1. Would you mention how many residues in region 174-224 are free of Cβ contacts under 8 Å to residues at least 24 places away in the same chain, open to solvent by 60 Å² or more (accessible area, probe 1.4 Å), of a type in the set (S, T, N, Q) and within 30 Å of residue 146 (Cβ to Cβ)?
2. With respect to residue 255, determine if the residue is touching a strand residue (DSSP E or B) at 6+ places or on another chain (Cβ under 6 Å) and either part of a loop (DSSP other than H, G, I, E, B) or touching a residue at least 24 places away in the same chain (Cβ under 8 Å) (or both).
3. In the set 182, 209, 234, 214, which member is under 19 Å from residue 412 (Cα atoms) and either in contact with a Gly (Cβ under 6 Å, 6 or more places away or on another chain) or acidic (Asp, Glu) (or both)?
4. Among the residues of region 123-132, are any buried (at least 20 other Cβ atoms within 10 Å of the Cβ), of a type in the set (A, V, I, L, M, F, W, C) and at pLDDT below 95?
5. Hey, which of the strands (runs of 3 or more DSSP E) in region 12-82, taking only ones fully inside, have at least 2 residues that are open to solvent by 40 Å² or more (accessible area, probe 1.4 Å)?
6. Go through region 225-235 and give me each residue that's open to solvent by less than 70 Å² (accessible area, probe 1.4 Å) and not aromatic (Phe, Trp, Tyr).
7. Please work out if residue 114 is closer than 30 Å to residue 489 by Cβ and either more than 23 Å from the chain's Cα centre (by Cα) or open to solvent by less than 30 Å² (accessible area, probe 1.4 Å) (or both).
Amino acid sequence: MEKKLLNGSRFDEEANKVYRLPVNKLPKRLMGSTDGYAEEVIDFENEDMLKMIVKFIRHHKEKQVPRLQELKRYSLAQNNIKFTEDKSADRADNKIANDWASFIVNFKKGVLLGNPLKYSGEKTIANKINEFASQSNEDYHNQLMADDLLALGRAYEYVGRDEYGKETLIKFNPECTFVIYDTTKNANSICGVNYYDVEFNDETTSYVDIYANDGFLYQFGSREQDYDNLTLYDHDQTYFNTVQINEWVNNEERLGDFEKVLDNIDAYDLSQSSMANFQQDSSEAYLVIKGNPETAADEEGKNTKLEVLNAMIKARVLVLGDKKHYGEGQTGSEPDAYYLKKEYDTAGTEAYNDRLVSDMLRFTSLIDFTDENMGGNQSGIGFRFKGWGNDNDRKNKERMIKKAIMRRLRLLTHSWSLKDNLNKPQGFADKVKSIFMSADKKQESLYDKVNEIEILFTPNVPQSDEEIMKVIAGMVGIVSDETLCEMAAKLTGVPAETEIKRIKKETDDSVNRVYDGEPEKEVDVNDDEEQPD
């Protein structure tokens with residue numbers, strides 16, 4: 001069903017749907033495994049399967065891509081006001097596009113992922129994840145993903161290995177990427193599709209990469225987007241046991257954060273542009289001279305009345321006069337001169353703009369920065385109520401991002417397990433159990449350990465150092481030293497682990513100084529005072 005929006009654009013509800021396929025109706029084939037067993041998997045080389053994927057590609061290009069391109073355009077401040085019909089050359093025609101979309105995205109991205117994610121859990125796996133995050137510059141990659149997530153409502157990343165065999169993360173363009181899920185209750189991913197064009201020597205080759213759930217990459221190609229005649233170019237087995245394209249979802253509707261206020265943005269652009277046009281036109285007001293309107297007019301020559309009027313408009317001078325006869329007993333108008341200008345309701349316009357801004361901040365769950373009391377002294381609970389909507393929105397986004405990050409970690413851990421023994425037993429009893437544990441049980445145990453990894457978000461919000469210090473001082477003796485060091489890390493910038501080591505070292509040094517020699521003799525400050533008899 002198609003809906004017409006107030007700004008003239010159209011939104012097709014089918015354009016934002018998730019692609020799904022019934023597994024029991026897909027072509028299958030038998031694939032052997034390393035343990036000697038054969039399993040039934042989807043045959044992605046089958047002609048019928050390829051035709052279904054091509055239908056999805058065409059639907060994606062025709063229905064979803066135009067919507068994504070419009071949102072991308074707004075995020076680059078190329079708003080609809082830029083594409084309105086031009087006015088006359090003699091009139092001011094300012095087209096001011098306010099960068100609200102980028103402001104909304106950058107603010108939420110900064111609060112949500114302004115500080116790097118932290119991982120904790122089973123020591124071996126947690127250390128491996130943190131090491132990978134540092135080496136792969138995961139923090140920057142997450143920022144890129146958040147740009148697409150908040151602007152377009154979805155983001156896609158490739159989790160794989162580079163040419164040197166190291167695990168890597170690559171952001172895919174949502175305008176040419178999508179994931180197909182099955183129709184089961186778990187909505188398992190069947191495959192991820194990435195289609196793109198490569199131009200070389202004035203020739204364009206269209207590629208369709210299918211990342212299948214059987215651990216294979218199928219690459220098809222054709223000339224000039226001829227998807228009806230795709231040819232299988234490559235067929236490689238990957239180091240992953242499922243779809244390597246990981247989808248991030250902003251919300252269940254997969255809507256961008258500023259998508260619901262596009263009409264408000266257009267209205268604000270129009271208001272700002274209209275005011276700018278008025279100011280410019282007012283500075284070039286017409287000079288009106290009341291008198292003889294036929295001045296310089298010559299019906300028999302080149303200066304016709306129309307030509308004279310056009311010349312007046314260009315010169316911004318109008319010569320006006322009343323209907324009159326110059327016969328006996330009648331006179332013309334009294335001579336007069338003044339500038340012709342119109343009045344503008346400045347107060348009403350400002351109130352209208354303020355209401356638009358307030359609505360946009362409210363509907364996007366942002367803090368109202370127009371509040372005059374924002375920077376004033378107010379109670380902590382009062383300030384929290386002002387940011388309550390933003391905090392709730394952030395919490396919801398954290399849940400959605402955690403879901404995507406956990407799937408990323410499961411993919412990475414599976415690849416690491418093929419190289420290293422991440423399921424290494426810690427004690428003697430665990431070593432004995434591991435001898436009798438099957439490969440499936442070991443993989444299941446590793447899967448459980450990954451699911452126990454905790455992802456910690458640290459909101460990047462203004463905080464009072466003095467208040468944090470008071471809280472830390474008030475919790476001494478109530479919580480552990482490790483917790484206090486984690487809280488103090490926000491002030492000192494020193495990680496909790498490093499701070500604990502420093503405290504332990506200072507304590508040990510202090511003990512050693514006492515027992516290396518005689519303890520210092522305590523001095524009684526009252527020794528020199530006169531003692532009573």
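The values are calculated or read from the model by the stated rules, or taken from the named source; none is laboratory data. All values reported here derive from a predicted model rather than from experimental measurement. Positions of Cβ are generated from backbone atoms using ideal geometry, with glycine treated the same way; all protein chains shown enter the neighbour counts. Areas reflect the complete protein model, heavy atoms only, side chains present, ligands, DNA and RNA absent. Shrake-Rupley method; radii C 1.70, N 1.55, O 1.52, S 1.80 Å.
1. Number satisfying all stated conditions: 1.
2. Here the answer is no, as residue 255 does not meet what is asked.
3. It is 214.
4. Yes.
5. Ranges flagged: 28-32, 38-42.
6. If the condition is that a residue be open to solvent by less than 70 Å² (accessible area, probe 1.4 Å) and not aromatic (Phe, Trp, Tyr), then 226, 230, 232, 234 are the ones that fit.
7. No: the conditions fail for residue 114.
Conditions (1) within 25 Å of residue 141 (Cβ to Cβ); (2) of a type in the set (D, E, K, R); (3) touching a His at 6+ places or on another chain (Cβ under 9 Å); (4) assigned to a helix (DSSP H, G or I), marked per residue:
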{"site": "199", "(1), (2), (3), (4)": "no, yes, no, no"}
{"site": "205", "(1), (2), (3), (4)": "no, no, no, no"}
{"site": "209", "(1), (2), (3), (4)": "yes, yes, no, no"}
{"site": "217", "(1), (2), (3), (4)": "yes, no, yes, no"}
{"site": "220", "(1), (2), (3), (4)": "no, no, no, no"}
{"site": "232", "(1), (2), (3), (4)": "no, no, no, no"}
{"site": "242", "(1), (2), (3), (4)": "yes, no, yes, no"}
{"site": "246", "(1), (2), (3), (4)": "yes, no, no, no"}
